[in-house]
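Everything below concerns the one structure shown next.
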């Protein structure tokens, strides 16, 4: 594609070369530069892409997109720039978004797009929506924290909201695969760093807001976090808001979209009443009556009061997308999200659950959720990541120790620390609240202990790994899937290699 066509939606200043230069691909990682490509010199908090200009030129780059002319002059000094076209833009991040859209022929315009933002609930709800759409026989792609999913292909995610180039590339693949819809998590960082610039979403969703991602590398304060979240509702046609959240009014203030509201507590476009906690054989969930946009009883096998909000969001989005009510209700019953309060059906007498919670806020949230089901015992199996804040470890220990009846300390991703040293930090929080705990360093053995000593009505939750399929030790990622490990333990029980100690049985 000609450079002039790629750049038709951006303001740029030609520094040297030919605006009709042919570009074979857009690259923002200099390691991927190949002859004929365009290299965008991204400027971030950690590195400056301009410093990789010599490497890009040596690899045969055709076009350089620069932001800072002084940096360009500094790093191109002594480099043979013959045949290289150079253009300058005010923001290479913003330019990358618009250039990527043009390069992939504006795939977002060929899809019905749904973007979800908020502190909690984005991942779960995007997957539920996709599950319901799939159940209804409609093909939808997904971009989120766990993965980018296009048909049967799933690519693990690096960021909640990928770089703009990756978004448009994925959406183009969705179009080619016959997808009609694209469901996407939209993080505050994604909005702040222009990763979604140039995409005008058909529907935007606000789940909830609480202090998170506040720090030097993310948001300086909560006001900036809120401001960035609000940006979604100036780039969508219709916004769906959880008005039970204390920050809903702030989120809606100044938005330019049509507004649809949902609530469990007040009048709204879609409401939920008569919410009940349900315990089926080996399964947990919620049941409620939906009113407004859909009038019927709804059931979901994802536990917790927050699941009612996720279900209401799904109902609102899917109704707007034209999905019939029976398909929505049936899809909600079957929906499951890998590693997010995910029940693994190993027994009808006790419950085994996998969750990604790996900080005090999420740990507290998921354990409180399970407490509402009045378990016989709540058993938490967890560790903490190495080379991370010790304060996080104290806080997780305190949170789990307050809410779990038994904590089983084990490994998570120790990285370059010892499991023993990490667990000593966690124990400071556990001891602070007088928690009951044991230590089993081998994570499989910790899970096996929890299962084989389960009592009737127990809820066993593995925290921290969720959808991950590895444990990182000394810089090496070793394969480890809790899903696989749980079923290995079940097989070992059947084979007589392990025995159930408390009289409970497995399926």
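Cβ separations smaller than 7 Å between residues 6+ apart or across chains give the following pairs from the stretch 145-158 residues that are in contact (Cβ under 8 Å) with a residue 60 or more places away in the chain to residues that are crowded, with 21+ Cβ neighbours inside 10 Å and not in a loop (DSSP other than H, G, I, E, B): 146/123. Picking from residues in the stretch 45-56 that are over 15 Å from residue 87 (Cβ atoms) and in contact with a helix residue (DSSP H, G or I) (Cβ under 8 Å, 6 or more places away or on another chain), the one that is surrounded by the most Cβ atoms within 10 Å (Cβ to Cβ) is 52. Note on the stretch 86-103: residues that are touching a strand residue (DSSP E or B) at 6+ places or on another chain (Cβ under 7 Å) and either at pLDDT below 95 or assigned to a helix (DSSP H, G or I) (or both) amount to 6. Within the stretch 437-472, the residues that satisfy the criterion of being within 25 Å of the chain's Cα centre (by Cα) and surrounded by fewer than 18 Cβ atoms within 10 Å (Cβ to Cβ) are 469, 470.
Elements of the type strands (runs of 3 or more DSSP E) sitting completely within the stretch 419-507 and holding at least 3 residues that are closer than 28 Å to residue 337 by Cβ and in the same structural domain as residue 395 (by TED's automatic domain parsing): these cover 459-463, 470-473, 476-479.
Given the structure, is residue 260 at pLDDT below 95 and either in the same structural domain as residue 311 (by TED's automatic domain parsing) or more than 16 Å from residue 121 (Cα to Cα) (or both)? No; evaluated as a whole, the condition is false for this residue.
Being in contact with a helix residue (DSSP H, G or I) (Cβ under 7 Å, 6 or more places away or on another chain) and within 30 Å of residue 12 (Cα to Cα) is the filter; apply it to the stretch 106-135 and report the residue that is surrounded by the fewest Cβ atoms within 10 Å (Cβ to Cβ). Top of the filtered list is 110.
Among residues of the stretch 136-163 being under 9 Å from the mean Cα position of the chain (by Cα) and crowded, with 18+ Cβ neighbours inside 10 Å, the one that is farthest from residue 193 (Cα to Cα) is 146. Would you say residue 70 is assigned to a loop (DSSP other than H, G, I, E, B) and surrounded by fewer than 21 Cβ atoms within 10 Å (Cβ to Cβ)? No: the conditions fail for residue 70. Among strands (runs of 3 or more DSSP E) entirely within the stretch 283-393, having at least 2 residues that are under 23 Å from the mean Cα position of the chain (by Cα) and within 30 Å of residue 476 (Cα to Cα) singles out 342-344, 351-355, 378-382.
Of the residues 169, 158, 120, which is outside any strand (DSSP E or B), under 29 Å from residue 227 (Cβ atoms) and at pLDDT 95 or above? Result: 169 is the single residue among 169, 158, 120 that is outside any strand (DSSP E or B), under 29 Å from residue 227 (Cβ atoms) and at pLDDT 95 or above.
Entry remark, the stretch 264-282: residues being part of a strand (DSSP E or B) and surrounded by 14 or more Cβ atoms within 10 Å (Cβ to Cβ) number 7 in total.
The values are calculated or read from the model by the stated rules, or taken from the named source; none is laboratory data. Bear in mind the structure is a predicted one, so any value in this text is a computation, not a measurement. Glycine gets a Cβ as well: all are built from the backbone with ideal geometry, and neighbour counts include every protein chain shown.
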